[in-house]
Every structure is written in structure tokens, then in C-alpha cells.
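The values are calculated or read from the model by the stated rules, or taken from the named source; none is laboratory data. Keep in mind it's a predicted model, so treat the numbers as computed, not measured. We place every Cβ from the backbone using ideal geometry, glycine too, and count neighbours over all the protein chains shown.
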Amino acid sequence: MIPLVPRTARTIDLAIGERRDGPILQRHDGHRLNRRTAPRWVRSIGKRAELGLVHPHMLRAAFIMAALDAGVPLREVQVAARHADPRTTTVYVRRRQDFDRHAAYVVVAFVAGGSPQANFTPRLPTASERLSRPQDPSHKASQ
């Protein structure tokens, strides 16, 4: 069993709606996700958020590193990540410096209320900057 924080549980309840069976998440046409749907969603959201190329494993890595940053014991992070060998989890500790400045990690830290690295302070664009930014024609077509 995977424990869910209340916000995640509410989001799942919203996704399910009144349905009593079938997958929790569905494609826009109501069909099941296939193995390419979730990575496509993650890339699309990353692109719209102007994070560059984002893929699902980056979310996993960000979770593991955020848990380690929060002081969760290595063994507990290993269990949460479903790593059979603790050495797999420690790879994230050793590679930590590579990810410290990565957009996905910085965003997760920011959203979770952590402090970004002292030498790297992300700044969200102001409303006027967002309004003056030229629209990506491919983004408009997909809406």
C-alpha cells in the first residue's frame, strides 16, 4: 500500500469522479493510458512550464532527493523508491550535485516549500512578462 497525502487523495477522487471501476487516470477519449501517455503528459507539462525536456524519471529522482533532503532515513527512502539494493538509492546521493540546479528538482523544492540553492534563485515571470511573451503556435493548436 502507498500512503497518499491528502492533496493527492483529493486529486485522485476528482479524477475518478462517480466511476466505480476502470483506471484512475484516463486519456481524454476515455480509454486507458498506454505506456507512452504518461511520458507524453510529463513532457507536455514541462514544456508548458518552460522547464525544458522533462521526463517521468526526473520526477522520481526529484522525489528521492527531496526525501533525502528532508532528512528521511536512507532505508525509508529506499523502501519508498522500491529499490531492492540500498546502493541504488545512494546513487542519488552521489549524483546530487548534478541535480541541485536542474529545473525539475528546483521546482519540486520550491513547491514543497524548501529553499532553492543560494546561488540559484528561480524567478517566476511577472504577469506583464507572461502577457508580452509571444505564444508558441504549436501550443495554441493543441488547446
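Observations
- A104 falls short on exactly one of the conditions (1) modelled with pLDDT under 85; (2) out of contact with any helix residue (DSSP H, G or I) (no Cβ under 6 Å at 6 or more places or on another chain); (3) surrounded by 10 or more Cβ atoms within 10 Å (Cβ to Cβ); (4) of a type in the set (A, V, I, L, M, F, W, C), and that condition is (2).
- Considering segment 78-101, and only residues there that are modelled with pLDDT of 75 or more and basic (K, R), the residue that is nearest to L51 (Cα to Cα) turns out to be R82.
- Among the residues listed as A62, A84, A109, the single one being of a type in the set (A, V, I, L, M, F, W, C) and in a loop (DSSP other than H, G, I, E, B): A84
- Any hit, segment 69-77, residues being in contact (Cβ under 8 Å) with a residue 24 or more places away in the chain and surrounded by 12 or more Cβ atoms within 10 Å (Cβ to Cβ): yes
- Taken over segment 61-90, residues that are farther than 16 Å from I2 by Cα and touching a His at 6+ places or on another chain (Cβ under 9 Å) amount to 3.
- All positions within segment 13-39 that are surrounded by 12 or more Cβ atoms within 10 Å (Cβ to Cβ), of a type outside the set (G, A, S) and assigned to a helix (DSSP H, G or I): I16, T37, P39
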